[in-house]
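Take a look at the structure set out below.
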Amino acid sequence: MNIFRALKSRNFKLFFYGQSISLLGTWMQKTAVAWLVYRITGSAVLLGVVTFVSLIPSLVLSPYAGSYIDRHDRFKVMVNSQIISMIQAGALAAMIYFKFYSITGIVLLSLLQGIVNSFDVICRQTLMIDMVDRPQDLSNAIALNSIMTNLARVAGPALAGIALSVFGEDFCFISNFMSYVPVLICLFMMKIKLQKTSRKRQGLWSELREGCQYLLSEKDLMSLILLLALSSMAVLPFNTLMPIFAKDLFHGTARTFSFFESAMGLGSVLSAVYLANLESGKNLVKIVIVSTFLFGGSVLLLSLSNMLSFSLFFMGLSGMGMMAQSAAINTYIQLHAAPVMRGRVISYYIMAFQGVMPIGSLLIGFLAEIAGPKSAVAASGCAGIVSILVFLYHKKKIFTRRDNASIEHQSI
(Lines give C-alpha, C1' and ligand atoms only; values in the text may rest on other atoms or scores of the structure.)
Protein backbone atom coordinates (compact mmCIF):
# COMPACT_ATOMS: atom_id res chain seq x y z
CA MET A 1 0.00 0.00 0.00
CA ASN A 2 1.16 3.52 -0.79
CA ILE A 3 0.59 4.71 2.77
CA PHE A 4 3.24 2.30 4.14
CA ARG A 5 5.95 2.82 1.51
CA ALA A 6 8.54 4.13 4.02
CA LEU A 7 8.36 0.80 5.89
CA LYS A 8 10.22 -0.81 2.98
CA SER A 9 13.31 0.82 4.49
CA ARG A 10 14.70 -1.64 7.08
CA ASN A 11 16.03 1.00 9.46
CA PHE A 12 12.81 2.98 9.53
CA LYS A 13 10.80 -0.24 9.99
CA LEU A 14 12.84 -1.15 13.07
CA PHE A 15 12.52 2.38 14.42
CA PHE A 16 8.76 2.30 13.78
CA TYR A 17 8.18 -1.01 15.57
CA GLY A 18 10.31 -0.14 18.59
CA GLN A 19 8.84 3.31 19.08
CA SER A 20 5.29 1.98 18.65
CA ILE A 21 5.67 -0.09 21.84
CA SER A 22 7.54 2.60 23.75
CA LEU A 23 5.00 5.31 22.98
CA LEU A 24 2.18 3.19 24.40
CA GLY A 25 4.04 3.13 27.69
CA THR A 26 4.80 6.86 27.47
CA TRP A 27 1.12 7.77 27.04
CA MET A 28 0.02 5.39 29.78
CA GLN A 29 2.47 7.12 32.13
CA LYS A 30 1.53 10.61 30.92
CA THR A 31 -2.15 9.93 31.60
CA ALA A 32 -1.39 8.38 34.98
CA VAL A 33 0.82 11.32 36.03
CA ALA A 34 -1.86 13.90 35.18
CA TRP A 35 -4.55 11.93 37.00
CA LEU A 36 -2.32 11.23 40.01
CA VAL A 37 -1.26 14.86 40.42
CA TYR A 38 -4.83 16.16 40.21
CA ARG A 39 -6.14 13.37 42.49
CA ILE A 40 -3.56 14.17 45.16
CA THR A 41 -3.60 17.97 44.96
CA GLY A 42 -6.83 19.02 43.23
CA SER A 43 -4.84 21.92 41.77
CA ALA A 44 -5.02 23.17 38.18
CA VAL A 45 -1.85 25.16 38.83
CA LEU A 46 0.14 22.05 39.76
CA LEU A 47 -1.11 20.30 36.64
CA GLY A 48 0.36 23.20 34.70
CA VAL A 49 3.60 23.06 36.71
CA VAL A 50 4.20 19.36 35.91
CA THR A 51 3.66 20.04 32.20
CA PHE A 52 5.85 23.13 32.46
CA VAL A 53 8.90 21.35 33.91
CA SER A 54 8.62 18.45 31.44
CA LEU A 55 8.69 20.77 28.43
CA ILE A 56 10.59 23.92 29.46
CA PRO A 57 14.00 22.31 28.70
CA SER A 58 13.00 22.26 25.02
CA LEU A 59 12.72 26.05 25.12
CA VAL A 60 16.05 26.58 26.85
CA LEU A 61 18.14 23.75 25.40
CA SER A 62 16.82 23.18 21.86
CA PRO A 63 19.17 25.60 20.04
CA TYR A 64 22.14 24.14 21.92
CA ALA A 65 20.89 20.58 21.31
CA GLY A 66 20.50 21.24 17.58
CA SER A 67 24.06 22.51 17.29
CA TYR A 68 25.38 19.67 19.48
CA ILE A 69 23.62 17.07 17.33
CA ASP A 70 24.96 18.63 14.12
CA ARG A 71 28.48 18.18 15.55
CA HIS A 72 28.13 14.61 16.90
CA ASP A 73 26.89 11.16 15.91
CA ARG A 74 23.12 11.63 16.06
CA PHE A 75 22.41 7.91 16.30
CA LYS A 76 24.63 7.45 19.37
CA VAL A 77 23.01 10.48 21.02
CA MET A 78 19.58 8.93 20.44
CA VAL A 79 20.63 5.56 21.90
CA ASN A 80 22.07 7.24 25.02
CA SER A 81 18.93 9.34 25.44
CA GLN A 82 16.76 6.19 25.38
CA ILE A 83 18.92 4.54 28.05
CA ILE A 84 18.65 7.59 30.33
CA SER A 85 14.88 7.74 29.72
CA MET A 86 14.59 4.10 30.79
CA ILE A 87 16.46 4.86 34.03
CA GLN A 88 14.18 7.86 34.68
CA ALA A 89 11.06 5.75 34.04
CA GLY A 90 12.38 3.09 36.44
CA ALA A 91 12.93 5.63 39.20
CA LEU A 92 9.41 7.03 38.78
CA ALA A 93 7.89 3.52 38.70
CA ALA A 94 9.71 2.60 41.92
CA MET A 95 8.50 5.76 43.64
CA ILE A 96 4.86 5.07 42.76
CA TYR A 97 5.11 1.31 43.47
CA PHE A 98 6.28 2.02 47.04
CA LYS A 99 3.54 4.70 47.34
CA PHE A 100 5.99 7.54 47.87
CA TYR A 101 3.63 10.17 46.48
CA SER A 102 5.97 13.13 46.33
CA ILE A 103 4.94 15.98 44.05
CA THR A 104 8.49 17.30 44.33
CA GLY A 105 9.85 13.94 43.16
CA ILE A 106 7.42 13.82 40.23
CA VAL A 107 8.38 17.36 39.24
CA LEU A 108 12.14 16.64 39.38
CA LEU A 109 11.85 13.41 37.39
CA SER A 110 9.62 15.19 34.86
CA LEU A 111 12.31 17.87 34.54
CA LEU A 112 14.96 15.20 33.89
CA GLN A 113 12.80 13.62 31.19
CA GLY A 114 12.31 17.05 29.63
CA ILE A 115 16.08 17.59 29.44
CA VAL A 116 16.59 14.19 27.78
CA ASN A 117 13.70 14.77 25.37
CA SER A 118 15.16 18.09 24.19
CA PHE A 119 18.00 16.07 22.64
CA ASP A 120 16.10 12.89 21.77
CA VAL A 121 13.30 14.52 19.77
CA ILE A 122 15.73 16.50 17.60
CA CYS A 123 17.78 13.33 17.02
CA ARG A 124 14.74 11.40 15.88
CA GLN A 125 13.60 14.16 13.53
CA THR A 126 16.99 14.75 11.93
CA LEU A 127 17.63 11.01 11.57
CA MET A 128 14.38 10.49 9.67
CA ILE A 129 16.00 11.26 6.33
CA ASP A 130 18.82 8.80 7.12
CA MET A 131 16.37 6.02 8.02
CA VAL A 132 14.62 5.95 4.65
CA ASP A 133 16.32 4.45 1.59
CA ARG A 134 14.72 6.95 -0.81
CA PRO A 135 14.57 10.72 -0.13
CA GLN A 136 11.10 10.89 -1.71
CA ASP A 137 9.81 8.70 1.14
CA LEU A 138 10.72 11.32 3.75
CA SER A 139 7.29 12.96 3.95
CA ASN A 140 5.66 9.51 4.18
CA ALA A 141 8.04 8.55 7.02
CA ILE A 142 7.18 11.76 8.90
CA ALA A 143 3.46 11.06 8.46
CA LEU A 144 3.82 7.41 9.53
CA ASN A 145 5.77 8.57 12.57
CA SER A 146 2.86 10.88 13.37
CA ILE A 147 0.36 8.04 12.87
CA MET A 148 2.39 5.89 15.26
CA THR A 149 2.58 8.69 17.83
CA ASN A 150 -1.12 9.43 17.71
CA LEU A 151 -2.28 5.80 17.64
CA ALA A 152 -0.35 5.54 20.90
CA ARG A 153 -2.17 8.66 22.02
CA VAL A 154 -5.46 6.83 21.39
CA ALA A 155 -4.51 3.44 22.82
CA GLY A 156 -2.23 4.62 25.64
CA PRO A 157 -4.79 6.69 27.59
CA ALA A 158 -7.47 4.04 26.93
CA LEU A 159 -5.20 1.35 28.38
CA ALA A 160 -4.27 3.70 31.22
CA GLY A 161 -7.95 4.28 32.02
CA ILE A 162 -8.48 0.51 32.35
CA ALA A 163 -5.20 -0.03 34.22
CA LEU A 164 -5.86 2.81 36.68
CA SER A 165 -9.25 1.38 37.65
CA VAL A 166 -8.29 -2.33 37.61
CA PHE A 167 -4.58 -2.61 38.47
CA GLY A 168 -3.71 0.75 40.01
CA GLU A 169 -1.38 3.61 39.14
CA ASP A 170 1.87 1.69 39.58
CA PHE A 171 0.99 -0.64 36.67
CA CYS A 172 1.10 2.31 34.22
CA PHE A 173 4.53 3.43 35.42
CA ILE A 174 6.03 -0.08 35.37
CA SER A 175 4.64 -0.62 31.86
CA ASN A 176 6.42 2.50 30.63
CA PHE A 177 9.71 1.33 32.16
CA MET A 178 9.42 -2.07 30.45
CA SER A 179 8.49 -0.50 27.10
CA TYR A 180 12.05 0.78 26.63
CA VAL A 181 13.40 -2.78 26.23
CA PRO A 182 12.06 -3.34 22.67
CA VAL A 183 13.16 0.18 21.70
CA LEU A 184 16.77 -0.51 22.61
CA ILE A 185 16.69 -3.92 20.91
CA CYS A 186 15.45 -2.36 17.67
CA LEU A 187 17.99 0.47 17.85
CA PHE A 188 20.89 -1.98 18.24
CA MET A 189 19.61 -3.92 15.20
CA MET A 190 19.66 -0.82 12.98
CA LYS A 191 22.51 -0.07 10.56
CA ILE A 192 22.47 3.62 9.72
CA LYS A 193 24.91 5.35 7.42
CA LEU A 194 24.66 9.03 8.27
CA GLN A 195 24.68 11.51 5.40
CA LYS A 196 27.94 13.43 5.32
CA THR A 197 27.80 17.16 4.77
CA SER A 198 30.78 19.35 4.02
CA ARG A 199 31.04 22.05 6.66
CA LYS A 200 33.63 23.99 8.55
CA ARG A 201 34.22 23.07 12.17
CA GLN A 202 33.32 26.10 14.28
CA GLY A 203 32.87 26.90 17.91
CA LEU A 204 29.50 26.18 19.53
CA TRP A 205 28.49 29.82 19.87
CA SER A 206 29.47 30.52 16.25
CA GLU A 207 27.26 27.66 15.12
CA LEU A 208 24.38 28.85 17.29
CA ARG A 209 24.68 32.33 15.78
CA GLU A 210 24.97 30.91 12.27
CA GLY A 211 21.81 28.84 12.74
CA CYS A 212 19.87 31.84 14.06
CA GLN A 213 21.04 34.06 11.19
CA TYR A 214 20.09 31.40 8.64
CA LEU A 215 16.58 31.09 10.07
CA LEU A 216 16.10 34.86 10.16
CA SER A 217 17.11 35.05 6.49
CA GLU A 218 14.59 32.34 5.47
CA LYS A 219 11.34 34.25 5.99
CA ASP A 220 9.07 31.35 5.01
CA LEU A 221 10.66 28.99 7.55
CA MET A 222 10.64 31.69 10.19
CA SER A 223 6.96 32.56 9.66
CA LEU A 224 5.88 28.92 9.97
CA ILE A 225 7.92 28.41 13.13
CA LEU A 226 6.43 31.57 14.67
CA LEU A 227 2.91 30.36 13.80
CA LEU A 228 3.65 27.01 15.42
CA ALA A 229 5.07 28.76 18.50
CA LEU A 230 1.88 30.83 18.90
CA SER A 231 -0.29 27.73 18.59
CA SER A 232 1.84 25.78 21.03
CA MET A 233 1.88 28.53 23.64
CA ALA A 234 -1.68 29.82 23.34
CA VAL A 235 -3.79 26.92 21.97
CA LEU A 236 -2.27 23.49 22.67
CA PRO A 237 -2.03 23.98 26.48
CA PHE A 238 -5.85 23.75 26.63
CA ASN A 239 -5.26 19.99 26.97
CA THR A 240 -3.69 20.60 30.39
CA LEU A 241 -7.18 21.32 31.74
CA MET A 242 -8.84 18.14 30.49
CA PRO A 243 -8.60 16.35 33.87
CA ILE A 244 -10.74 19.21 35.25
CA PHE A 245 -13.25 18.85 32.40
CA ALA A 246 -13.45 15.08 32.99
CA LYS A 247 -13.62 15.11 36.79
CA ASP A 248 -15.42 18.34 37.70
CA LEU A 249 -17.46 19.45 34.69
CA PHE A 250 -18.61 15.99 33.56
CA HIS A 251 -18.33 14.27 36.99
CA GLY A 252 -16.28 11.44 35.52
CA THR A 253 -13.44 9.14 36.50
CA ALA A 254 -9.95 8.36 35.23
CA ARG A 255 -11.57 6.50 32.33
CA THR A 256 -13.52 9.63 31.36
CA PHE A 257 -10.26 11.57 31.26
CA SER A 258 -8.72 8.87 29.07
CA PHE A 259 -11.62 9.37 26.61
CA PHE A 260 -10.54 13.00 26.11
CA GLU A 261 -6.93 12.04 25.38
CA SER A 262 -8.02 9.18 23.13
CA ALA A 263 -10.45 11.39 21.18
CA MET A 264 -7.71 13.90 20.44
CA GLY A 265 -5.38 11.07 19.48
CA LEU A 266 -7.95 9.52 17.14
CA GLY A 267 -8.41 12.81 15.32
CA SER A 268 -4.64 13.10 15.01
CA VAL A 269 -4.41 9.60 13.51
CA LEU A 270 -7.05 10.37 10.87
CA SER A 271 -5.18 13.54 9.99
CA ALA A 272 -1.85 11.71 9.77
CA VAL A 273 -3.32 9.02 7.48
CA TYR A 274 -4.46 11.77 5.11
CA LEU A 275 -1.00 13.35 5.13
CA ALA A 276 0.71 9.98 4.56
CA ASN A 277 -1.14 9.58 1.27
CA LEU A 278 -0.11 12.98 -0.07
CA GLU A 279 2.65 13.42 -2.60
CA SER A 280 5.84 14.81 -1.08
CA GLY A 281 5.69 18.57 -0.56
CA LYS A 282 2.23 19.10 -2.06
CA ASN A 283 0.07 21.99 -0.74
CA LEU A 284 1.82 22.12 2.62
CA VAL A 285 1.15 25.80 3.27
CA LYS A 286 -2.55 25.40 2.42
CA ILE A 287 -2.73 22.47 4.85
CA VAL A 288 -1.13 24.65 7.55
CA ILE A 289 -3.76 27.37 7.04
CA VAL A 290 -6.81 25.07 7.06
CA SER A 291 -5.53 22.98 9.98
CA THR A 292 -4.80 26.04 12.15
CA PHE A 293 -8.33 27.33 11.59
CA LEU A 294 -9.68 23.88 12.48
CA PHE A 295 -7.50 23.68 15.59
CA GLY A 296 -8.51 27.06 17.01
CA GLY A 297 -12.17 26.73 16.04
CA SER A 298 -12.62 23.27 17.56
CA VAL A 299 -11.01 24.34 20.85
CA LEU A 300 -13.37 27.32 20.99
CA LEU A 301 -16.38 25.06 20.36
CA LEU A 302 -15.13 22.64 23.03
CA SER A 303 -15.28 25.45 25.59
CA LEU A 304 -18.95 26.06 24.69
CA SER A 305 -20.04 22.42 24.86
CA ASN A 306 -22.03 21.07 27.82
CA MET A 307 -22.42 17.51 26.54
CA LEU A 308 -19.70 14.87 26.84
CA SER A 309 -20.34 13.44 23.36
CA PHE A 310 -19.99 16.84 21.68
CA SER A 311 -16.92 17.65 23.76
CA LEU A 312 -15.23 14.42 22.66
CA PHE A 313 -16.13 15.21 19.04
CA PHE A 314 -14.51 18.64 19.28
CA MET A 315 -11.48 17.06 20.97
CA GLY A 316 -11.17 14.81 17.91
CA LEU A 317 -11.34 17.81 15.58
CA SER A 318 -8.70 19.63 17.63
CA GLY A 319 -6.44 16.60 17.27
CA MET A 320 -6.91 16.67 13.50
CA GLY A 321 -6.00 20.34 13.34
CA MET A 322 -3.03 20.10 15.70
CA MET A 323 -1.58 17.07 13.93
CA ALA A 324 -1.95 18.46 10.40
CA GLN A 325 -0.46 21.81 11.36
CA SER A 326 2.64 20.44 13.10
CA ALA A 327 3.32 17.66 10.55
CA ALA A 328 2.91 19.96 7.55
CA ILE A 329 5.28 22.52 9.06
CA ASN A 330 7.76 19.75 9.95
CA THR A 331 7.69 18.37 6.38
CA TYR A 332 8.06 21.84 4.86
CA ILE A 333 11.12 22.55 7.03
CA GLN A 334 12.79 19.22 6.25
CA LEU A 335 12.26 19.72 2.52
CA HIS A 336 13.36 23.37 2.34
CA ALA A 337 16.07 23.77 5.01
CA ALA A 338 19.70 23.49 3.87
CA PRO A 339 21.11 20.03 4.83
CA VAL A 340 23.95 21.51 6.92
CA MET A 341 21.39 23.57 8.84
CA ARG A 342 18.71 20.89 9.25
CA GLY A 343 19.58 20.00 12.85
CA ARG A 344 19.61 23.62 13.96
CA VAL A 345 16.40 24.53 12.13
CA ILE A 346 14.66 21.44 13.50
CA SER A 347 15.80 22.52 16.97
CA TYR A 348 13.86 25.77 16.54
CA TYR A 349 10.88 23.73 15.31
CA ILE A 350 11.05 21.62 18.49
CA MET A 351 11.48 24.76 20.58
CA ALA A 352 8.36 26.24 18.97
CA PHE A 353 6.35 23.02 19.21
CA GLN A 354 7.31 21.83 22.70
CA GLY A 355 9.48 24.50 24.28
CA VAL A 356 6.98 27.35 24.55
CA MET A 357 4.06 25.13 25.54
CA PRO A 358 5.03 25.00 29.24
CA ILE A 359 4.73 28.77 29.43
CA GLY A 360 1.23 28.41 28.03
CA SER A 361 0.48 25.57 30.47
CA LEU A 362 1.35 27.79 33.41
CA LEU A 363 -0.66 30.69 32.01
CA ILE A 364 -3.75 28.61 31.30
CA GLY A 365 -3.49 27.03 34.75
CA PHE A 366 -3.54 30.45 36.41
CA LEU A 367 -6.27 31.69 34.04
CA ALA A 368 -8.40 28.66 34.90
CA GLU A 369 -8.02 29.42 38.61
CA ILE A 370 -9.13 33.01 38.05
CA ALA A 371 -11.76 32.80 35.29
CA GLY A 372 -12.68 29.12 35.26
CA PRO A 373 -11.59 26.28 32.95
CA LYS A 374 -14.17 26.95 30.23
CA SER A 375 -13.18 30.59 29.88
CA ALA A 376 -9.50 29.62 29.76
CA VAL A 377 -10.14 27.09 26.97
CA ALA A 378 -12.26 29.64 25.06
CA ALA A 379 -9.34 32.10 25.21
CA SER A 380 -7.07 29.40 23.75
CA GLY A 381 -9.40 28.82 20.80
CA CYS A 382 -9.69 32.53 20.05
CA ALA A 383 -5.90 32.89 20.16
CA GLY A 384 -5.56 30.16 17.51
CA ILE A 385 -7.96 31.90 15.15
CA VAL A 386 -6.25 35.26 15.59
CA SER A 387 -2.81 33.74 14.92
CA ILE A 388 -3.80 32.30 11.54
CA LEU A 389 -5.47 35.57 10.51
CA VAL A 390 -2.19 37.39 11.21
CA PHE A 391 -0.29 34.71 9.24
CA LEU A 392 -2.65 35.12 6.27
CA TYR A 393 -2.14 38.88 6.32
CA HIS A 394 1.62 38.44 5.80
CA LYS A 395 1.59 35.18 3.79
CA LYS A 396 1.57 36.51 0.22
CA LYS A 397 4.69 38.65 0.58
CA ILE A 398 6.70 35.97 2.40
CA PHE A 399 5.95 32.97 0.19
CA THR A 400 6.03 34.92 -3.08
CA ARG A 401 9.67 35.67 -2.24
CA ARG A 402 10.39 31.93 -1.76
CA ASP A 403 8.65 31.07 -5.07
CA ASN A 404 10.58 33.73 -6.94
CA ALA A 405 13.87 32.49 -5.47
CA SER A 406 13.03 28.92 -6.58
CA ILE A 407 12.26 30.12 -10.13
CA GLU A 408 15.53 32.06 -10.32
CA HIS A 409 17.46 28.99 -9.06
CA GLN A 410 15.86 26.74 -11.67
CA SER A 411 16.64 29.19 -14.49
CA ILE A 412 20.37 29.28 -13.69
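Each residue of the stretch 307-314 was assigned a 3J(HN,Hα) from its phi angle through the Karplus curve 6.51 cos²θ - 1.76 cosθ + 1.60 (θ = phi - 60°); the sequence is 10, 4, 4, 5, 4, 5, 4, 5 Hz, with glycine and proline shown as x.
Considering the dipole of the stretch 242-360 built from charges on the beta carbon (Lys and Arg +1, Asp and Glu -1) around the Cα centre, which of V345, A246, I287 is farthest to its positive end? Ranked along the dipole, the leading option is V345. All C-alpha to C-alpha distances of the stretch 31-172, sorted into 5 Å bins beginning at zero, yield P(r) values of 2, 9, 14, 17, 21, 15, 11, 7, 3, 1, 0 percent in whole numbers.
FRET efficiency for the H251 to S206 pair, using the beta carbon distance and R₀ = 45 Å, is estimated at 0.20. Extension gain for the segment T41 to H336, taken as residue separation times 0.36 nm less the Cα-Cα distance, is 101.6 nm to one decimal.
For the pair the stretch 124-157 and the stretch 251-294, the centres of their Cα atoms are 14 angstrom apart. By the Cα gyration tensor, the stretch 40-82 has an equivalent ellipsoid whose semi-axes, rounded to whole angstrom, run 31, 12, 4 from largest to smallest. Modelled this way, with points 7 Å down the Cα-to-C-beta line, the labels at V166 and H394 are 5.1 nm from one another.
Could you give the angle, 0 to 90 degrees to the nearest 10, between helix 219-234's Cα long axis and the longest principal axis of the Cα atoms of the chain? Once rounded, the angle reads 0 degrees. In a Debye calculation with equal point scatterers on the alpha-carbon sites of the chain and no solvent, what is log10 I(q)/I(0) at q = 0.07, 0.10, 0.14 Å⁻¹? With no solvent term, the Cα-only Debye profile gives -0.31, -0.64, -1.34. With respect to the chain, whose longest principal axis is taken over its alpha-carbon atoms, helix 204-217 is tilted by about 80°.
Think of the stretch 1-121 as having a plus end and a minus end, set by charges on the Cβ of Lys, Arg, Asp and Glu; of V37, V79, G18, G18 sits farthest toward the positive end of this dipole.
Think of each Lys and Arg Cβ as +1 and each Asp and Glu Cβ as -1; about the Cα centre, that makes the dipole of the stretch 212-308 roughly 120 debye. When each of the peptides 315-328, 105-118, 73-86, 261-274 is scored by how many other beta carbons lie within 10 Å of its residues on average, the order from highest to lowest is 315-328, 261-274, 105-118, 73-86.
The modelled label-to-label distance between F188 and Q136, using points 7 Å beyond Cα along the C-beta direction, is 3.8 nm. Counting 0.36 nm for each residue step from Y97 to V60 and taking away their Cα separation leaves a gain of 10.1 nm.
The residues of the stretch 293-332 present an accessible area of 32 Å² per residue when probed at 1.4 Å with all protein chains retained. The convex hull around the C-alpha trace of the stretch 41-125, projected and averaged over every direction, spans 5.9 square nanometres.
How far apart, in nanometres, would the label points at E369 and I87 be if each is projected 7 angstrom from Cα along the Cα-to-Cβ direction? Result for the modelled spin labels: 3.4 nm. Here the chain is assigned +1 on the Cβ of each Lys and Arg and -1 on the Cβ of each Asp and Glu. Its dipole about the Cα centre then comes out at about 900 debye.
In percent, rounded to a whole number, the relative contact order of the stretch 256-374 is 32, using alpha-carbon pairs under 8 Å and six or more apart. Net charge dipole, the stretch 1-151: roughly 260 debye, given to the nearest 20, about the Cα centre with Cβ charges of +1 for Lys and Arg and -1 for Asp and Glu. On the chain, 67 percent of the accessible area sits on carbon and sulfur atoms, based on a 1.4 Å probe. Each part gets one Cα centre, and for the stretch 1-23 versus the stretch 47-90 those centres are 22 Å apart.
The values are calculated or read from the model by the stated rules, or taken from the named source; none is laboratory data. Since the model is a prediction, treat every value here as computed from it, not as a measurement. When we count neighbours, we look across all protein chains shown, and the Cβ atoms used for this are built from the backbone with ideal geometry, even at glycine. Quick note on the areas: whole protein, heavy atoms, side chains included, nothing else; ligands and nucleic acids left out. Shrake-Rupley method; radii C 1.70, N 1.55, O 1.52, S 1.80 Å.
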